[in-house]
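Asker: A single structure is presented below for examination.
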Amino acid sequence: MVNLTRQLQAIQIQYLEKLPQTLTQIESLAHRLPKSDPGDENWQQLGQLLHKLSGSAGTFGLPALSAQAAKLHRQFEAALLVDGDSYARECHLFISEIETLDTFAELDGIPAKPSADAQDEGSSNNNRPLVSEVWLLEDDADLGSTLISHLQAFNFSARLFTSFTDLIHTFESEQPEVLILDVLLGDEGRSTELLEQSSMLTGASSRLIFISAKDDFTIRLQAASLGAEAFFVKPLDIPRLITRLEQVTARLHAPPERVLIIDDDELLARYYQQLMINANMQVDILHEPDRVIDYLLQNSPDIILMDLQMPDIEGQTLAAVIRQYDQWVGLPIIYLSAEDDPDHQATALNHGADDFLVKPVPDQHLISAVKHKVSRSRQLLELMTKDSLTGLLKHAAIKESIRREWGIAKRKSEIFCVAMLDIDHFKQVNDRFGHAIGDEVIASVATLLRKRLRNTDVLGRYGGEEFVVLMNNCDAVEAKKILENFRQRFQELVFTSEEKQFSATISIGIAEYQPGSDMDADALLINADKAMYTAKETGRNRVIVS
């Protein structure tokens, strides 16, 4: 068995090594179609390659690529039946779809076409988010297939089930991160009731999202009792659904909770620190309360655990000082104290803290309290600072991030870049295809930015179709390389509206901050904006450095 496994792995490696060459050959043949006659040798060779790819890719662990190749093979056979002007149009659309094959290979986790500068992209490529597994239970196969296509376009690994029975059977051996269920399943009844009867599903860790043709309070109540993360009513608002999915999966892959302990008792603080580190948290200890502002200016804890009675500064006074700063008004603060008098606790809470835990605090109680507070705080912060359509930082929040980064870079003599991005001719997209499709284009920019840029980059929606990217520890040369890669990927995306397909492009301007520069954060934004407009004026769909 071991030898067989190794042999199969060796074959798979050979297949993956040859895959980039295969995709390049398919794309090359496709570009010859407009000058070829339907059915000639060029067509036959392309048809054979697509057919082989649709069958082999799935076998070697590339389901998204396999599905796209099968779809293209069907389009290929249909294109053979048209002629005249329709033939030229079908060829153009077909080529556009062919050019996305490498993107589908990447959805399966394979860099299908390594570019000449692939090694130089290091940090950008290595920091892409993981592809999340999403299953859809929808008895309407056409609607289900459409929704699956949307999910895959936004970098989710998606699988369709048309019956609850099939879903349960597969669930026995594997589970998705998120399960989207249509409430009304025809002959099978309501999925909410079927779920209540299935101990396997109710005990699983998969997050649940429900969709329904009826907006009924009883159904919503059932969904809530099952722990639903969201409930959407048909016709579905795809961008909203995608945004919520990204929020749910982001929480599943959330970074460790960052905790600051302020306590003069060194041993107790170290005990709490070790306890929380063991629960996968990042924990710092501060024994000198008067250093807290300096610490907060250089770090971003999710929560502060503070002793109420300390020799030099009382906890409630320290909390009041922290609340004097606008940026820390919402930072959760929990008092840890042996004080068990309810009146004294209430007085202390009035000075800016969020909770009061009486020492000795049971270990699990402390862990649960911290995780709950941080989770809730992150959700509220996301609602306040992030755009609902894209999940990116709002205008004010991204500007504040740039100002904060400018302060750090100035103090530490570091380099960073700010980029301004604007979708080209976006008004025409809205006018021709409607605002819902326009929203999908905007959401796709956000999703692709998250996919192609580094985890350390800060992304914001500046307004309308304009976006801002903050790239710390990055010079203009590296920033242009990363954003040029993003620009090329974006123009390859194909959007569909009532069977009409189109693509969009984006113009990008970059401004660089260098140590010793007299430019402030606002000047950087202005320069990036000017560079972006230069990109517009010189032909659009390009990256310009100021």
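Asker: On the basis of being in the same structural domain as residue 325 (by TED's automatic domain parsing), modelled with pLDDT of 85 or more, on the phi < 0 side of the Ramachandran plot and more than 30 Å from the chain's Cα centre (by Cα), does residue 349 make the cut?
Answerer: No: the conditions fail for residue 349.
Asker: Do we have any residue at all in the stretch 294-302 that's small (Gly, Ala, Ser) and either assigned by TED's automatic domain parsing to the domain that holds residue 401 or within 27 Å of the chain's Cα centre (by Cα) (or both)?
Answerer: yes
Asker: State the number of residues belonging to the stretch 342-389 that are of a type in the set (Ser, Thr, Tyr) and touching a Pro at 6+ places or on another chain (Cβ under 7 Å).
Answerer: The qualifying residues number 1.
Asker: Do we find a residue being over 26 Å from residue 530 (Cα atoms) and in the same structural domain as residue 527 (by TED's automatic domain parsing) anywhere in the stretch 412-427?
Answerer: Yes: one or more hits.
Asker: Quick one: how many residues across the stretch 324-334 are in contact with a Lys or Arg (Cβ under 8 Å, 6 or more places away or on another chain) and surrounded by fewer than 13 Cβ atoms within 10 Å (Cβ to Cβ)? Break it down stepwise before answering.
Answerer: Within the stretch 324-334, the first condition is being in contact with a Lys or Arg (Cβ under 8 Å, 6 or more places away or on another chain), and the residues that meet it are 329, 332, 334.
Subset that is surrounded by fewer than 13 Cβ atoms within 10 Å (Cβ to Cβ): 329.
The qualifying residues number 1.
Asker: Only one residue in 260, 241 is in a strand (DSSP E or B), closer than 21 Å to residue 380 by Cα and in contact (Cβ under 8 Å) with a residue 12 or more places away in the chain. Which one?
Answerer: Result: 260 is the single residue among 260, 241 that is in a strand (DSSP E or B), closer than 21 Å to residue 380 by Cα and in contact (Cβ under 8 Å) with a residue 12 or more places away in the chain.
Asker: Okay, moving on. What number goes with the only condition from (1) part of a helix (DSSP H, G or I); (2) aliphatic (A, V, I, L, M); (3) in contact with a Phe, Trp or Tyr (Cβ under 6 Å, 6 or more places away or on another chain) that residue 421 does not pass?
Answerer: For residue 421, the exception is condition (1).
Asker: Out of the strands (runs of 3 or more DSSP E) lying entirely within the stretch 438-517, which hold 1 or more residues that are of a type in the set (Phe, Trp, Tyr), under 22 Å from the mean Cα position of the chain (by Cα) and modelled with pLDDT under 90?
Answerer: It comes to 495-497.
Asker: Anything in the stretch 246-268 that is aliphatic (A, V, I, L, M) and crowded, with 19+ Cβ neighbours inside 10 Å? List them, or say none.
Answerer: 259, 260, 261, 262
Asker: What do you reckon, is residue 114 at pLDDT below 75, more than 21 Å from the chain's Cα centre (by Cα) and outside any helix (DSSP H, G or I)?
Answerer: Answer is yes for this residue.
Rundown of residues vs (1) crowded, with 18+ Cβ neighbours inside 10 Å; (2) closer than 30 Å to residue 526 by Cβ, yes/no style:
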site: 336; (1), (2): yes, no
site: 356; (1), (2): yes, no
site: 377; (1), (2): no, no
site: 384; (1), (2): no, yes
site: 401; (1), (2): yes, yes
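Asker: For the stretch 56-79, enumerate the residues that are outside any helix (DSSP H, G or I) and either loosely packed, with under 14 Cβ neighbours inside 10 Å or at pLDDT 70 or above (or both).
Answerer: 62
Asker: Examine the stretch 234-245 for a residue that is outside the structural domain of residue 295 (by TED's automatic domain parsing), exposed (fewer than 14 other Cβ atoms within 10 Å of the Cβ) and over 17 Å from the mean Cα position of the chain (by Cα), and state whether such a residue exists. Talk me through it step by step, then tell me what you get.
Answerer: As a first pass, look at the stretch 234-245 and keep what is outside the structural domain of residue 295 (by TED's automatic domain parsing): 234-245.
Still in the list and also exposed (fewer than 14 other Cβ atoms within 10 Å of the Cβ): 235.
From what's left, over 17 Å from the mean Cα position of the chain (by Cα): 235.
Yes, some residue in the stretch 234-245 is outside the structural domain of residue 295 (by TED's automatic domain parsing), exposed (fewer than 14 other Cβ atoms within 10 Å of the Cβ) and over 17 Å from the mean Cα position of the chain (by Cα).
Asker: Filter the stretch 449-473 down to the residues that are under 15 Å from residue 409 (Cβ atoms) and either touching a Lys or Arg at 6+ places or on another chain (Cβ under 8 Å) or polar (S, T, N, Q) (or both) and list them by number. So that I can check it myself, show each step before the final result.
Answerer: Residues of the stretch 449-473 under 15 Å from residue 409 (Cβ atoms): 456-458, 470-473.
Within the stretch 449-473, 456, 471, 472, 473 qualify.
Asker: Against the definition (of a type in the set (D, E, K, R) and without any contact (Cβ under 8 Å) to a residue 60 or more places away in the chain), how does residue 386 come out, yes or no?
Answerer: Considered against the rule, which asks whether it is of a type in the set (D, E, K, R) and without any contact (Cβ under 8 Å) to a residue 60 or more places away in the chain, residue 386 comes out as yes.
Asker: Follow-up question, since we're still on this one. Among 506, 510, which is among the β-branched types (Val, Ile, Thr), touching a Leu at 6+ places or on another chain (Cβ under 6 Å) and in contact (Cβ under 8 Å) with a residue 60 or more places away in the chain?
Answerer: Details: 510 fails: touching a Leu at 6+ places or on another chain (Cβ under 6 Å).
From the options 506, 510, the qualifying one is 506.
Asker: What single numbered condition from (1) surrounded by 15 or more Cβ atoms within 10 Å (Cβ to Cβ); (2) closer than 29 Å to residue 495 by Cβ; (3) at pLDDT below 70 fails to hold for residue 82?
Answerer: Residue 82 satisfies every listed condition except (1).
Asker: Do you know which residues across the stretch 443-488 are within 20 Å of residue 540 (Cα to Cα) and either small (Gly, Ala, Ser) or outside the structural domain of residue 533 (by TED's automatic domain parsing) (or both)?
Answerer: Within the stretch 443-488, 444, 446, 463, 464, 476, 479 meet the criteria.
Asker: Can you pull out every residue in the stretch 320-335 that is under 21 Å from residue 257 (Cα atoms) and touching a helix residue (DSSP H, G or I) at 6+ places or on another chain (Cβ under 8 Å)?
Answerer: 322, 327, 328, 330, 331, 332, 333, 334, 335 - these are the residues of the stretch 320-335 that are under 21 Å from residue 257 (Cα atoms) and touching a helix residue (DSSP H, G or I) at 6+ places or on another chain (Cβ under 8 Å).
The values are calculated or read from the model by the stated rules, or taken from the named source; none is laboratory data. On a predicted model such as this, the values are computed, not experimentally measured, just so you know. Glycine gets a Cβ as well: all are built from the backbone with ideal geometry, and neighbour counts include every protein chain shown.
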